[in-house]
Every structure is written in C-alpha cells, then in structure tokens.
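The values are calculated or read from the model by the stated rules, or taken from the named source; none is laboratory data. Just so it is clear, the model here is predicted, and its values are computed rather than measured. Here the Cβ positions follow ideal geometry from the backbone for every residue, glycine too, while neighbour counts run over all protein chains shown. SASA here: full protein model, heavy atoms, side chains in, ligands and nucleic acids out. Shrake-Rupley method; radii C 1.70, N 1.55, O 1.52, S 1.80 Å.
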Amino acid sequence: MLTILANSFRVPEIRKKVAFTAAMLALYRLGAYIPAPGINLDAVNAISENFGGSNVLGFLNLFSGGSLQRFAIFALGIMPYITASIILQLMTVVMPSLEKLRKEGEVGQQKITQYTRYLTVGLAFGQSVGYVFLFRSFSSGSESVVENFTFGRVFLIVTCLTAGCVMVMWFGELITQRGIGNGISLMIFASIVSRIPHGISAWWNNPDQVFKVMMPFIALAVIAAIVFMQEGQRRIPVQYAKRVVGRRMAGGGSTYLPLRVNMAGVIPVIFAASLMAFPPTVGELTQAGWAQDFSTFFSPNGAAYIIGESIFIILFTYFYTAVTFNPVEQADNLKKYGGFIPGVRPGRPTAEYLDRILARLTFPGALYLAAVAALPTILINQTAANFYFGGTSILIVVGVALDTMKQLEAQMMMRNYEGFLK
C-alpha cells in the first residue's frame with residue numbers, strides 16, 4: 001500500500017488527483033470547526049457530553065467527524081444526501097417513471113441525481129430545524145445555545161446548516177469526478193478517522209483491564225476478517241474461440257471472470273446505518289415522551305438496532321449487487337466477443353448460470369457484512385465496556401481504504417507505469 005502511494009506521486013496526473021482529493025477532505029474537516037452564526041460557544045461546550053456516548057447523537061456525531069457537538073456549519077455531514085440516495089433508489093424500483101429514467105443511461109442518471117440533490121436540500125432543511133430546537137432544549141441554566149431565539153436568527157442558522165450540507169455534497173461529487181475514489185465514502189472515512197484520537201483515549205481510560213487488553217486483538221481480528229472477505233472472489237473460467245481475421249488466426253485463449261464475494265462493498269453498511277439512525281434521530285429531535293422511548297428502543301447499542309441494521313445490510317447487499325452486476329448484460333458481452341464458459345451454452349443459459357453463482361456468493365457476503373457490523377457491538381455489550389468505535393465504523397474505514405487503493409492501482413495500471421509493473 002505504501003509503495004502504491006509513493007509511486008502514485010511520480011505520475012503527474014494521478015498526483016494532481018490525489019492532491020485534489022486531499023484538498024477537498026481538508027476543506028471538509030475545516031468546516032467541522034467553523035461554528036454556525038449566532039451560536040453561544042460556551043453553551044455548546046457545556047452540553048458536549050450529550051454527544052460522546054453510545055446513543056444516536058454520539059453515532060451521528062461520529063459520522064459528522066465531531067462537527068455536530070460543535071454546532072459547526074457542517075454539522076449535518078453527508079447523512080441527508082445518503083438518506084436521499086436511499087429513498088431515490090428504492091423509489092426507482094416501485095415508480096415506472098424513475099425506472100425508465102434509469103434505463104436511459106447517462107442522461108437519465110443525471111436527472112435522478114438532480115432529484116437526489118433537491119431531496120437532500122429538503123431533508124437538510126428539516127433536520128437543521130430539528131437540531132436548532134434540540135440544542136435549545138439542551139441549554140443549561142441561563143445560557144442558551146442560540147442567542148436571541150427569534151425567527152430571523154433561527155432562519156439564519158437553518159440556512160447556514162443547509163448550505164453547509166449542500167457544500168459537503170458538492171465536495172463529495174467533485175472528489176468522485178476529479179479525484180480518487182468515491183467522494184461520499186471518503187468523506188465518511190475522513191469523519192470516522194478524525195475521531196480515532198478520541199477513541200484511543202476512551203479505550204485507554206477505560207477502567208476494565210480485561211477490555212483494555214482484549215480490544216486491540218478484537219479490532220485486529222475484525223480488520224483481518226474484513227480484508228480477507230473483501231479480497232475474496234470466485235473466478236469463473238472463460239474460453240474465447242479462435243477467429244479468422246484476413247489470413248491470420250486471431251483470438252483464442254482462456255481467462256476468468258472474477259466475481260467478488262462482496263460486490264457491494266461498504267455501501268450497504270452506510271445505507272443501513274443511515275436508515276437505522278433515522279427513527280432515533282426523529283425521536284431526539286421531537287423531544288416528546290413517546291419519541292424519547294422510541295429513540296431509546298433503537299439505541300445503536302440495543303438489540304433492536306443491531307437486528308434491524310443486520311436485516312437492512314443483507315437486503316441492501318442483494319439490492320446493490322443486482323444494480324451493479326447484470327448477468328444478462330455480461331452474458332451478451334461474452335457472446336458478442338466470442339467468449340463462453342466451458343460446459344455452459346452461450347446466451348440465456350450463461351446468464352442463468354452467472355445469476356445462480358452470484359446469488360450463492362452474495363448470501364455469505366451479506367452475512368459477513370452483517371456479522372462484522374453486529375458482533376463487535378455484541379461483544380462490547382457483553383463485557384459492559386464502552387468502546388468508541390463499533391464494527392460498522394471499522395468496516396467502513398477498512399472497506400473504503402481498500403476500494404480507494406484499488407482505484408488508485410487501476411489508474412496507475414491504465415497508464416502503464418513501469419515502476420509499478422516491475
């Protein structure tokens with residue numbers, strides 16, 4: 001990994017992309033420390049302990065890189081955009097008009113992306129209003145988080161938070177277009193990594209000595225399992241028939257079609273975490289008695305949250321795998337270029353064969369994602385120890401790092417970098 005990073009800086013074009021990605025992430029982290037206008041910083045610091053536990057506010061604060069507890073302009077993070085993406089992808093399945101747009105190719109995808117942006121603005125505006133009233137309810141004594149609680153002041157804060165969310169969304173899209181890796185995933189990666197010092201401090205100051213000794217080994221075991229499963233693949237042998245081109249015989253040979261055990265990556269985990277965080281977030285924002293009970297029931301360390309997240313991870317894994325890999329299209333491409341799978345007839349039988357193999361691979365891949373997300377939290381609950389990071393955070397960090405390095409490696413291979421190919 002270090003060799004790939006070192007060699008990437010020797011290619012001017014890739015160096016510019018890496019520098020651009022780093023600059024966008026730096027701006028994103030800078031916005032996490034700029035407070036929203038009209039905020040009493042002393043009052044915000046006094047209530048920061050509400051965002052450091054294992055409740056949903058601590059979970060959202062982790063995904064925002066600590067900007068939520070500071071009431072920064074990027075306090076919403078990227079979660080409204082992720083929620084909007086989930087809603088649009090699910091609506092694509094049930095609404096024929098959106099399904100027609102998706103099949104239109106790049107033009108239709110741009111239209112769906114535009115709808116996602118509009119929905120993100122609406123969700124960010126509503127969530128900003130909820131956060132303003134939530135912080136006001138946390139105000140202690142005579143100090144209020146929002147100074148001069150008037151309509152004009154509230155509207156100014158809500159507008160700034162919504163604009164901050166739109167800017168974060170823009171940063172993510174710019175990274176995807178001009179940088180290296182998936183911009184949205186990298187921003188969540190940066191948010192979680194920025195909280196590592198706080199996590200190490202929480203682990204080191206934990207009074208449970210057994211937990212303090214065992215947790216590094218558990219984390220290393222989880223990371224090793226993630227790397228092993230992320231790199232696992234089923235190689236389908238493919239044979240190409242020889243063809244006569246002019247007076248020469250061309251083609252022939254054999255290769256393989258790699259099918260990864262986890263073709264969806266960490267996207268199902270991000271989607272499931274975002275979806276499961278929505279009910280307790282509504283409960284925290286409304287501050288009603290029944291809503292508080294609802295929020296407690298779906299606490300990130302509770303059994304209901306773990307079960308719900310595991311179910312959504314499995315469903316989103318199948319859904320996202322079906323979106324990214326089309327067996328019919330792969331079978332048509334093989335037939336078009338004279339390729340076939342030994343023992344399987346070209347065309348529809350090949351598509352059915354690939355679909356059957358993919359279904360068998362996706363099931364253990366989905367179970368692996370759900371297990372990695374749930375087991376560390378279950379172990380922490382059994383030991384009564386509060387660790388800063390759960391399986392979801394570790395899975396996102398390792399998965400995004402692996403995917404980004406693969407994209408960087410692919411960029412270098414496309415440019416036939418000699419030092420890399422030695």
* Does Thr324 meet the test of being among the β-branched types (Val, Ile, Thr), exposed (fewer than 14 other Cβ atoms within 10 Å of the Cβ) and at pLDDT below 85? -> yes
* **Residue ranges of helices (runs of 4 or more DSSP H) in the stretch 52-147 with at least 3 members at pLDDT 80 or above and among the aliphatic types (A, V, I, L, M)** => 79-94, 106-138
* **Flag for Phe211 being surrounded by 14 or more Cβ atoms within 10 Å (Cβ to Cβ), at pLDDT below 75 and not aliphatic (A, V, I, L, M)** => yes
* Would you say Phe217 is out of contact with any Phe, Trp or Tyr (no Cβ under 6 Å at 6 or more places or on another chain) and within 26 Å of Ile394 (Cβ to Cβ)? -> yes
* Is it fair to say Asn182 is among the polar types (S, T, N, Q), within 26 Å of Pro80 (Cα to Cα), open to solvent by 10 Å² or more (accessible area, probe 1.4 Å) and in contact (Cβ under 8 Å) with a residue 40 or more places away in the chain? -> yes
* Asked: Of these, Ala75, Ala23, Ala43, which one is without any contact (Cβ under 8 Å) to a residue 60 or more places away in the chain, more than 21 Å from Tyr320 (Cβ to Cβ) and open to solvent by less than 60 Å² (accessible area, probe 1.4 Å)?
  -> Ala23
* Could you list all residues from the stretch 354-368 that are of a type outside the set (A, V, I, L, M, F, W, C), farther than 24 Å from Leu334 by Cβ and open to solvent by less than 30 Å² (accessible area, probe 1.4 Å)? => Tyr368
* To do: Name every residue in the stretch 298-320 that is of a type in the set (S, T, N, Q) and over 15 Å from the mean Cα position of the chain (by Cα), in order of residue number.
  => Ser299, Asn301, Ser310
* Asked: Which one is modelled with the highest pLDDT, of the residues in the stretch 225-236 that are open to solvent by 60 Å² or more (accessible area, probe 1.4 Å) and under 15 Å from Ala401 (Cα atoms)?
  -> Phe228
* Odd one out for Gln177 among (1) over 21 Å from the mean Cα position of the chain (by Cα); (2) open to solvent by 50 Å² or more (accessible area, probe 1.4 Å) -> (1)
